[in-house]
Amino acid sequence: MATKLEAIVEGFGLSEEEARAMLIDAGEDPDEECPELMGSAVLSLAGTALKGFQDAMYRKTFGEVLESAQGRGACVNCKQEVHNGPEGEKGAVYSNLGWKEYSISGVCETCFDAMFREPEEDDDDAA
């Protein structure tokens, strides 16, 4: 009989350390035995572990989980209410792709653009 840890390691090729951390973050006991944990059951367990990992990363990075910010209609980064608005305004979304990104990441378009802006080159470095 395999443990949850063994099932995740074998099913997804993760290291034991990675799999153990994911399971613990998801509130699962890595050493719990799980009879006949195959196929969709492994995927379900992995999904639970990944969600726990995502929540832990959001808490560490933004101080709250994605669903909490989206439930308030706020940007997980700037904490402002998300709304149609001009580029550069906190909480603003100004394109259809911006709304799609907010639905995925919980980050308003202004914050997303700032996070992924190409660094500007200094004139001295270009010479």
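The values are calculated or read from the model by the stated rules, or taken from the named source; none is laboratory data. Computed from a predicted structure; not experimentally measured. Methodologically, a virtual Cβ is constructed for each residue, glycine included, from the backbone with ideal geometry; neighbour enumeration extends over all protein chains shown.
Tabulated results
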item	result
Pairs where the first residue, in the stretch 102-127, is under 20 Å from residue 79 (Cα atoms) and the second is modelled with pLDDT of 85 or more and loosely packed, with under 10 Cβ neighbours inside 10 Å, C-beta under 7 Å, 6+ apart	none
Of all residues making up the stretch 71-100, the number that are under 15 Å from residue 58 (Cβ atoms) and touching an Asp or Glu at 6+ places or on another chain (Cβ under 7 Å)	2
Residues located in the stretch 68-101, provided they are part of a helix (DSSP H, G or I) and touching a strand residue (DSSP E or B) at 6+ places or on another chain (Cβ under 6 Å)	99
Residue that is nearest to residue 17 (Cα to Cα) [pool: residues in the stretch 58-67 that are touching a helix residue (DSSP H, G or I) at 6+ places or on another chain (Cβ under 9 Å) and part of a helix (DSSP H, G or I)]	58
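Okay, residues lined up against (1) farther than 26 Å from residue 116 by Cβ; (2) of a type in the set (Phe, Trp, Tyr); (3) modelled with pLDDT under 85:
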{"site": "27", "(1), (2), (3)": "yes, no, yes"}
{"site": "46", "(1), (2), (3)": "yes, no, yes"}
{"site": "58", "(1), (2), (3)": "no, yes, no"}
{"site": "92", "(1), (2), (3)": "no, no, no"}
